[in-house]
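Beneath this line is the structure, given in structure tokens, with notes to follow.
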Amino acid sequence: MKYVDEFRDPDKARALIAEIHKLVARIDLCRVRPLQVMEVCGGHTHTIFRYGIQHMLPPEVELVHGPGCPVCVLPMGRVDDCVALAERQGTILATFGDAVRVPGSRKSLLQAKADGADVRIVYSPLDALRLARDNPGREVVFFALGFETTMPPTALTVQRAQAEEIRNFSLFCNHITIIPTIKAILDSPEVGLDGFVGPGHVSMVIGSAPYQFVPERYRKPVVIAGFEPLDVLQALGMVLAQIAAGRAAVENQYRRVAADAGNAAALAAVHEVFELREFFEWRGLGSIDHSGVRLREAYAQFDAERRFAVPNVSIADPKACQCGEVLKGVIKPWQCKVFGTACTPEAPLGALMVSSEGACAAHYQFGGSVRINAPANGKAPVP
Amino acid sequence: MSALPSGMGRERAQTVTLAHGSGGRAMRKLIADVFLRAFDNPTLARLEDQALVGLAELAALGDRLAFTTDSFVVTPLFFPGGDIGHLAVNGTVNDLAMAGARPCFLSCSVVIEEGFAIDSLRRVAASMRDAARVAGVEIVTGDTKVVERGACDGLFVNTAGIGVVPLGVNPGSNRARSGDQVLVNGPLGDHGAAITVARNDLALQSDIVSDCRALNGLVAAMLAACPDIRCLRDATRGGVATVLNEIAESSRAGIRIREAAVPVREAVRGVCEILGFDPLYLPNEGTLVAVVPRDAAAAVLEAMRRHPAGQGAALIGEIVDEPRGTVILNTNFGGERIVDMLVGAQLPRIC
């Protein structure tokens, strides 16, 4: 397929892998311990597993799958609130498809739908606005979630709802921001990350400047990357090249989409509509200051949390879960006590088993090296 | 229309009402006008509570009876490449064919929502007639129910079928052995992609048509080339990935697939790229997975490619010893990954 296959060329991949091997040979630290590079974004995690990139890398390079899966990090209490909204008489709850399976403490949206709630899968917040326009007698609540990538379309939809004076449309806002979260991870004492593959689509909105604190304060490289497999390999090479040269800087591999300055129009819409919350609760990571946004007072009429009573009860993560340690790269997914036993994609206990972009679900479903190379009967690995 | 009882002319009503399900004159008229007229065969025309089929003619075809049933619900009822009628006939014909059976007779039960257009019902019956003719089966018994508005989504169809398995033919999901080759008869995911586009949630446009078709002729040609086909599976819901997992599990074997060898149309790949779907999991309605002994693979592949339903046939992988019960994909890109069973339906990803 034109403009896609070019970014999946196996010959170019081999060349990049060879380059990565050369860089690894030049990095002294690799002889002491493996390097840990975190891909922040769930989209990268998906690419890494879908194309089997982990198995192509030298053992000296470990990928740590970061917190950038908005579905995974949604706390149970927020899902409960969303289910409560969906179950209000006369409500249509519009949501992205991958959010419907996320378990709350009582049920998921999919279960709520089976129990009679009107839950509709949409592909864009504008679809939700159209539902409101087409059903003036019903309240349409859009389950807004995602990082800076999905904030601008939500913001523009709210602005349009206001311009058209659509009164039966509101948001249950769960938008979150990536920068405070990267900082929270870097500040954790047990973390030993050596560099980051930065989220391309978030950067398309916010640009590259917000990551400057990572090299400046923590001396770690950040390379903003696209989502095709060659993008990921090239970005990994760029991170390793910085480490090999003893440098730490923010670099942009994804220039074809993400401008260094970000997207001013998108940022303007976001700032016009949203303001930072004091803190926001993350599944697996706990509460992080200024890591979520809510609608500004001027748009309060579109805020489902202000308009309707939501239970707003915080539900603690199950004790057995070690999602936080996996997210920070302290342990591997399969080293978690409940991985694949009490916690599976069919019945996820922890955040990271929820969506295929979560580190644990990706390992479980697409096979980390453990599952592919260590057959149950203990015989020789697959060649 | 020789099979029609006298006095049963064309139904004049435009839509199905609860009266058509009451068992009285209106129902008889609907059945005669829509179903008897379309299916037109003497076994059905007896209009008794059951069809009678001779044992001798069945026994002459093989040594075991294959018997299956399937219910069909699809939105939209009419889609590029077929409709619920084609699906209902081909789905059951294919379920029989996957035992290596020669399909013979089908039943047809419909549950109709009141208000359903009789013209649409006629279209569905005509599709069933055409599909049955192509597959060489007769629809010999049936049932009609009408339910209140909202109790079903337009039209549900159930078909059951019987066929006969020839002596010595014995495909089974537990029979794959290390070294066996894995074949498919054509590009994956056409049906799933066609339905997704036809639902129009995304206002996508494409020329993708469903692969809905009967596979019994193709299977007969494959069995002629190799009577000892190990496994034959129709890759409907859950797609080829699910079928491969079932074979790997039942046979306690591993399966290695080469992504580069898996046929997928460009347009289907495009739909998958936009929605974050994997064509390996998209449903098909005329796509089979066959596992055959290594030394028979070339002959079976050639036989498939000579048949209209197998022109796009491809050898996509092989059975391996380890890891047992697991399907592994060697990606185009040079990596590898497990292809697991889906947990639920494939859902579009956010970003």
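Couple of notes before you dig in:
- Scanning region A:153-203 for residues that are charged (D, E, K, R) and either surrounded by fewer than 17 Cβ atoms within 10 Å (Cβ to Cβ) or farther than 30 Å from A:GLY246 by Cα (or both) yields A:ARG160, A:GLU164, A:GLU165, A:ARG167, A:ASP187, A:GLU190.
- Residue count for region A:106-127 satisfying the condition of being in a loop (DSSP other than H, G, I, E, B) and either within 11 Å of A:THR95 (Cα to Cα) or not polar (S, T, N, Q) (or both): 8.
- Annotation note: Cβ proximity below 7 Å between a residue of region B:309-327 that is more than 14 Å from every other protein chain (Cβ to nearest Cβ) and a residue that is of a type in the set (Lys, Arg) (sequence gap 6+ or interchain) occurs for B:ALA309/B:ARG213; B:GLN311/B:ARG305; B:ALA313/B:ARG305; B:ILE316/B:ARG258.
- Some residue of region A:112-135 being closer than 26 Å to A:HIS46 by Cβ, crowded, with 23+ Cβ neighbours inside 10 Å and within 11 Å of chain B (Cβ to nearest Cβ): no
- Screening the candidates A:LEU240, A:LEU233 for the property of being outside any strand (DSSP E or B) and closer than 21 Å to A:GLU216 by Cβ yields one hit, A:LEU240.
- Comparison of B:ALA214, B:ALA248, B:ALA198 shows that the only residue that is in a helix (DSSP H, G or I), on the phi < 0 side of the Ramachandran plot and away from chain A (no Cβ under 14 Å) is B:ALA198.
- Test result for A:GLU19, acidic (Asp, Glu), out of contact with any Leu (no Cβ under 7 Å at 6 or more places or on another chain), more than 30 Å from A:PHE142 (Cα to Cα) and modelled with pLDDT of 95 or more: yes
- A search for C-beta distances below 6 Å between a residue of region A:71-98 that is within 14 Å of chain B (Cβ to nearest Cβ) and more than 14 Å from A:ARG138 (Cβ to Cβ) and any residue that is part of a helix (DSSP H, G or I) and of a type outside the set (D, E, K, R), counting only pairs 6+ apart in sequence or on different chains, returns A:VAL71/A:ALA99; A:CYS72/A:ALA351; A:CYS72/A:LEU352; A:VAL73/A:ALA351.
- Qualifying position, being outside any helix (DSSP H, G or I), within 24 Å of the chain's Cα centre (by Cα) and at pLDDT 95 or above, among A:VAL102, A:VAL37, A:VAL83, A:VAL73: A:VAL37
- Neighbours by Cβ (under 8 Å, 6+ apart or cross-chain): first from region A:266-278, within 20 Å of A:ALA161 (Cβ to Cβ); second acidic (Asp, Glu) and outside any helix (DSSP H, G or I): A:VAL270/A:GLU148
- Against the list (1) in contact (Cβ under 8 Å) with a residue 60 or more places away in the chain; (2) within 14 Å of chain A (Cβ to nearest Cβ), the condition B:ALA345 fails is (1).
- Residue, surrounded by the most Cβ atoms within 10 Å (Cβ to Cβ), within region A:47-62, restricted to residues that are in a helix (DSSP H, G or I) and more than 7 Å from chain B (Cβ to nearest Cβ): A:ILE48
Yes/no matrix, rows are residues, columns are (1) within 23 Å of B:ASP340 (Cα to Cα); (2) away from chain B (no Cβ under 14 Å); (3) surrounded by fewer than 23 Cβ atoms within 10 Å (Cβ to Cβ):
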residue: A:SER291; (1), (2), (3): no, yes, no
residue: A:ALA309; (1), (2), (3): no, yes, yes
residue: A:GLN322; (1), (2), (3): no, yes, yes
residue: A:LYS332; (1), (2), (3): yes, yes, yes
residue: A:LYS337; (1), (2), (3): yes, yes, yes
residue: A:GLU357; (1), (2), (3): yes, no, no
residue: A:HIS363; (1), (2), (3): yes, no, no
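- Residue ID - farthest from the chain's Cα centre (by Cα), chosen from residues in region B:296-307 that are surrounded by fewer than 20 Cβ atoms within 10 Å (Cβ to Cβ) and within 10 Å of B:ASN185 (Cα to Cα): B:ARG305
- Hits in region B:159-192 - residues which are farther than 17 Å from B:ILE316 by Cα and either basic (Lys, Arg) or within 14 Å of another protein chain (Cβ to nearest Cβ) (or both): B:ARG175
- Scanning region B:182-189 for any residue that is surrounded by fewer than 16 Cβ atoms within 10 Å (Cβ to Cβ) and either acidic (Asp, Glu) or under 19 Å from B:ASP228 (Cβ atoms) (or both) turns up nothing.
- Cβ-Cβ under 8 Å pairs, at least 6 apart or on other chains, region A:228-248 side over 14 Å from A:GLY198 (Cα atoms), far side surrounded by fewer than 22 Cβ atoms within 10 Å (Cβ to Cβ) and of a type in the set (Phe, Trp, Tyr): A:PRO229/A:PHE7; A:LEU230/A:PHE7
The values are calculated or read from the model by the stated rules, or taken from the named source; none is laboratory data. Since this is a predicted model, take the numbers as computed values, not measurements. FYI the Cβ positions are ideal-geometry reconstructions off the backbone, even for glycines, and counts take in every protein chain you see.
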